[in-house]
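A.B. asks: Take this structure, written in structure tokens, and hold onto it; I'll ask about it next.
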Amino acid sequence: MDEIIIFDTTLRDGEQSPGNSMNLEEKLHLARQLERLNVNVIEAGFPIASEEDFAAVRKISEEVRRPIIAGLSRACDADIERAARALEGAARPRIHTFVATSDVHLRHKLRKSRDEVVEMAVHAVEKARRYVDDVEFSAEDAGRSDLDYLCQVVAAAVAAGARTVNIPDTVGYCLPEEFGAKIRRIRDTVPGIEGVVISTHCHNDLGLAVANSLAGVQNGARQVECTINGIGERAGNAALEEIAMAIYVRQRQLQLTTSINPREIYRASQLLANITGKPVQANKAVVGKNAFAHEAGIHQDGVLKEASTYEIMTPETVGVPQRDLILGKHSGRHALAHRYQQLGCELTKEQLDKAYVIFTKLADKKKVIYDEDLIVIVHDALRMVPEAYSLKHFQIVGGPNATTTVAITLEREGRRYSELALGDGSVDATVAAVDNITGYPGRILDYTARAVTHGREAVGEVFLHAEFEGKSFVGKAASTDLNLAGARAYINAVNKALWEKQRFQQQSSKQAASR
């Protein structure tokens, strides 16, 4: 069987969509999970876009060694040189360069002729080949490009030395049969294409990203560009978990395979959701909480008799945890460590100690700790940003027809600061109290609260996005008290903002000193 190369662009296309920004440590943590998932290529970022993107690509290149690490660049010298510098430490570097090929982009965005764009593509590929052997070329908006001209540009990129040519449906415009025909035409007519990998990169504006990607591989594409949970620009990208499991489940018909370790899929999905603060929708294919739920009586009867009556894959296949060990307040570190191993979480002793402290506090309030609780706990324990401020006391008084009052105490470097604030609801009052202490005011952009587990003692999780000095940061926290979780989530966002500010000031000082 032919193996489909899985090119993950969660850290680039996924991260640049609104509300999905990640800091360097979060990107590195997710990149390590993508390595465990066994993706073939990780597009780590767009190095020219910012200092943070450059640093992330460089760090991932140095520390994640098995997959190919790609850096994106436009078809211009400055971008390519910047990508090359970011990838210097990579074991298997790839420069991914692109230029638009549709008439609408040429006319309104690039303001270039078709011949000029061909020259740009050739120059970019040749320039990138001076730094790395592995160069990928993308024809942006190929889905709306004239097919004869698209073939001309692809042929020129192949002749210039591109090893992979990517055919993006950038705006999610194509229908599957139409997109498959484009791939087939390129495969059948472009000179030299037999020695080059054809790739797909499909967006989900019409809900067809996965269908178009599969149509592409059925017609000769051998790389699929996709993201965890399908995140990305606008309506998102083709979802990695759906591509991988479609090929896994229908392997005999497709005669295709991937290198993906399916048991790491659920863990990757949950990790991304916790980093970005964007919970997975309940009915999401493969990884949603309802993906393996059965409520209709006839379905329940069938599954109890034989799972395959209503399940084409099992929860275990994609790493959805199955409970075989009940954890409560009498459970010890060994039992907790064992359960985390079953969930696929490899914790250091320090991380396990942090998780155990949170676990015992939660176990005092709950009779049973569920796997969903443990996933929340581990992400608290793995916090990758130093706590400039930690919450020591939180009290809230209010009612449906009364102004809310919040009393809060924060600790920084051993000193405690207390504040009392009024507000129109708990969130408003909490933000006011924290801002008065920190002197670093933020603005809540969105706020999501949800129950993670069941019953009266359910753990609630709060995700929020807060803006500080024009930059958005994700805050997240969990507690059996949603008001407390909201306070901790906002403090988490404050700490991230302060840490980023401190790092930027340190970088600026180093650059000034080196001049």
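A.B. asks: Assuming a viscosity of 1.306 mPa s and a temperature of 10 °C, what translational diffusion coefficient in µm² per second does Stokes-Einstein assign to the chain, Rh being the Kirkwood radius over Cα pairs?
C.D. replies: 64
A.B. asks: Over the chain, what is the relative contact order in percent, taking alpha-carbon pairs closer than 8 angstrom and at least six residues apart? If you can, show how the numbers build up before the last one.
C.D. replies: Values: 1022 pairs, mean separation 52.1, N = 515.
For the chain, the relative contact order is 10 percent.
A.B. asks: Under a straight-distance cross-link criterion of Cα-Cα below 18 Å, which aspartates and glutamates are reachable from K361, leaving out those fewer than 8 residues away in the same chain?
C.D. replies: Leaving aside aspartates and glutamates fewer than 8 places away in the same chain, those within reach of K361 are E350, D353, D371, E372, D373, D380, E457, E461, D481.
A.B. asks: Extending each Cα 7 Å along its Cβ direction at E194 and F504, get the distance between those two points in nm, one decimal.
C.D. replies: 5.4
A.B. asks: Subtract the Cα-Cα distance of H334 and H393 from 0.36 nm times their separation in residues, and report this length gain in nm to one decimal.
C.D. replies: Working: separation 59, 0.36 × 59 = 21.24 nm, distance 3.11 nm.
This chain segment gains 18.1 nm when fully extended.
A.B. asks: Give me the lysines in straight-line cross-link reach of K59: C-alpha distance below 28 Å, same-chain residues under 8 apart excluded.
C.D. replies: In chain and number order, the partners are K27, K127, K278, K349, K354, K471, K476, K496, K501, K510.
A.B. asks: Based on the Cβ-Cβ distance of A235 and N290, what FRET efficiency does E = 1/(1 + (r/R0)^6) give at R0 = 30 Å, to the nearest 0.05?
C.D. replies: On the way: r = 21 Å, r/R0 = 0.68.
Efficiency computed from Cβ-Cβ geometry: 0.90.
A.B. asks: Another question, then. In deg cm²/dmol, rounded to 500, what helix-only [θ] at 222 nm does the chain give when every DSSP H run of at least 4 residues adds -39500 (n - 2.57) and the total is split over its residues?
C.D. replies: Calculated from helices alone, the mean residue ellipticity at 222 nm is -13000 deg cm²/dmol.
A.B. asks: Residue by residue through the range 397-405, which ³J(HN,Hα) values in whole Hz follow from phi under the Karplus form 6.51 cos²θ - 1.76 cosθ + 1.60 (θ = phi - 60°), with glycine and proline marked x?
C.D. replies: Using θ = phi - 60°, the values come out as 10, x, x, x, 10, 10, 5, 7, 10 Hz.
A.B. asks: Based on the Cβ-Cβ distance from R32 to K349, what FRET efficiency comes out when R0 is 22 Å, to the nearest 0.05?
C.D. replies: Numbers: r = 18 Å, r/R0 = 0.83.
FRET efficiency, R32 to K349: 0.75.
A.B. asks: For a protection proxy built on the mean count of beta-carbon atoms within 10 angstrom, sort 63-73, 408-418, 244-254 highest first, please. Mind dumping the intermediate values first?
C.D. replies: Details: 63-73: 22.4, 408-418: 13.5, 244-254: 16.8.
Top to bottom by mean Cβ count within 10 Å: 63-73, 244-254, 408-418.
A.B. asks: Something else: Among the aspartates and glutamates, select those whose C-alpha is under 16 Å from the C-alpha of K112, and discard any that sit fewer than 8 residues away in the same chain.
C.D. replies: Candidates past the 8-residue exclusion: D103, E140, D141, D146.
A.B. asks: While we're on this one: Over the range 1-83, what relative contact order in percent results from Cα pairs under 8 Å that are six or more residues apart?
C.D. replies: Values: 113 pairs, mean separation 24.6, N = 83.
Over the range 1-83, the number comes to 30 percent.
A.B. asks: Would you kindly state how much longer the chain becomes between D301 and Q253 on full extension, computed as 0.36 nm times their sequence separation minus their alpha carbon distance, in nm to one decimal?
C.D. replies: On the way: separation 48, 0.36 × 48 = 17.28 nm, distance 2.92 nm.
Here the answer is 14.4 nm.
A.B. asks: Fewest first, what order do D373, D364 take by the number of other Cβ atoms within 10 Å?
C.D. replies: In order of increasing Cβ crowding within 10 Å: D364, D373.
A.B. asks: By count of other Cβ within 10 Å, fewest leading, how are I4, I358 ordered?
C.D. replies: On the way: I4 25, I358 17.
In increasing order of surrounding Cβ atoms, one gets I358, I4.
A.B. asks: So, in nm, how far is label Y447 from label E119 when the simple model puts each one 7 Å beyond its Cα toward the Cβ?
C.D. replies: Going by the 7 Å Cα→Cβ label model, 5.6 nm.
A.B. asks: What's the exposure ranking of I369, I48, going from fewest to most Cβ atoms within 10 Å?
C.D. replies: Fewest-to-most Cβ neighbours within 10 Å comes out as I48, I369.
A.B. asks: Shifting gears a bit: Describe numerically, in nm with one decimal, the distance between label points set 7 Å from Cα along Cα→Cβ at K109 and at R85.
C.D. replies: 2.6
A.B. asks: Let me ask another. Please work out how much length the chain gains when fully extended from A78 to Y440, using 0.36 nm per residue of separation minus the C-alpha to C-alpha distance, in nm with one decimal. Intermediate values should be presented prior to the final figure.
C.D. replies: On the way: separation 362, 0.36 × 362 = 130.32 nm, distance 3.57 nm.
This chain segment gains 126.8 nm when fully extended.
A.B. asks: Using +1 on the beta carbon of Lys and Arg, -1 on that of Asp and Glu, and nothing else charged, what's the dipole of the range 95-179 about the Cα centre, debye to 20?
C.D. replies: Numbers: 10 positive and 15 negative charges, 81 e Å.
Taking the Cα centre of the range 95-179 as origin, the dipole is about 380 debye.
No lab work stands behind these numbers, since they all come straight from the coordinates. Fair warning: this is a prediction, and the values are worked out from it, not measured in the lab. Neighbour counts run over all protein chains shown; Cβ positions are idealised from the backbone, glycine included.
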